[in-house]
Ligand SMILES: CC(C)(COP(=O)(O)OP(=O)(O)OC[C@H]1O[C@@H](n2cnc3c(N)ncnc32)[C@H](O)[C@@H]1OP(=O)(O)O)[C@@H](O)C(=O)NCCC(=O)NCCS
């Protein structure tokens, strides 16, 4: 392992971040567009790894409202790879998360990224599920579907019971917002319902199907992160979402879903195709925490404040 200093990122680290990410995924890395939000994020920690004063790596951790540490944006400069920088960043991030009182840490990788999958397996994280990334561009007009409407915040309990009974969600109890997974909870659903991100199909007073569709800066597309119901219901829900994307001039709808046959067919029928050849894997490890009060000094931060998280923009659905 190389001797490294890991510290909080500063605005002046931006140029190093740009240099590190320039060649990642043929220049399409999302980290440059997320950097400014990350550096201001009161619920997270943006850190850089320095080798002899030079920034050679970075990583962001968001603490989700159920005390899950979501680790993202691990990047190491090409010239510094395979020297343990990634391992040091992840190890530090897991320790920081533990010190902050997080019970679980999660992150996502692409199934076709051997270096990141090796890195996280070495850190003791295990795969808890795989999600298929699909997308449709310029969605066609929706059919009018009378029985679909946004769920109210007061329906969060009923929506939760419906979603966790679905085979696509029951195993992991996670839903996605793009390549970020969140624990499905009544509390989280209340927030999503209040933002208009949950659509339900009602049948004889019961919820027969549901979807979670979010829209977040800086991405100008809708993200479908849960989809349940029978074949006809799935089809109606997804057409409704496509119609709303069209109404609000969003060019693209993406879905990152734990798929069963019915959902895949319903999505393909309206033009969704896998936009990424690989699957999104979510990895997890359980952390035995210490009290958050003692944590900030050990983690090398002067102040850590927690404010209610609201990473999701109000949804146009
Ligand atoms: C993934 C990444 C962060 C790894 O950083 P790194 O500093 O090179 O990783 P480390 O040196 O700590 O190596 C960790 C392990 O991964 C292994 N590894 C590295 N590259 C590998 C590859 N191409 N194939 C298989 N294993 C690989 C290393 O050999 C090491 O395992 P070992 O100790 O058993 O040999 C870095 O390659 C990177 O920035 N890639 C581009 C962006 C990216 O993919 N980020 C991750 C998104 S989740």
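The values are calculated or read from the model by the stated rules, or taken from the named source; none is laboratory data. Model, not experiment: these values are computed from the prediction. Cβ placement follows ideal geometry from the backbone for every residue including glycine, while neighbour counts extend to all protein chains displayed.
Listed conditions (1) more than 19 Å from the chain's Cα centre (by Cα); (2) in contact (Cβ under 8 Å) with a residue 24 or more places away in the chain are all met by residue 135, apart from (1). Taken over the stretch 248-291, residues that are part of a helix (DSSP H, G or I) and modelled with pLDDT of 85 or more amount to 7.
Taking residues in the stretch 46-62 that are touching a residue at least 60 places away in the same chain (Cβ under 8 Å), and partners anywhere that are in a strand (DSSP E or B), the pairs with Cβ atoms closer than 6 Å and at least 6 places apart or on different chains are 62/44; 62/70. Note on the stretch 115-203: enclosed strands (runs of 3 or more DSSP E) holding 2 or more residues that are within 24 Å of residue 243 (Cβ to Cβ) and away from the ligand (no atom under 16 Å from the Cβ) are 126-137, 148-150, 174-177, 198-203. Condition check for residue 112 on (1) more than 22 Å from residue 257 (Cα to Cα); (2) within 16 Å of the ligand (Cβ to nearest atom); (3) part of a loop (DSSP other than H, G, I, E, B): one failure, at (1). Pairs meeting the criteria (first residue in the stretch 148-166 and in contact (Cβ under 8 Å) with a residue 60 or more places away in the chain and on the phi < 0 side of the Ramachandran plot, second residue surrounded by 12 or more Cβ atoms within 10 Å (Cβ to Cβ) and assigned to a helix (DSSP H, G or I), beta carbons under 7 Å, at least 6 apart or on different chains) are 148/236; 148/237; 148/240; 163/169.
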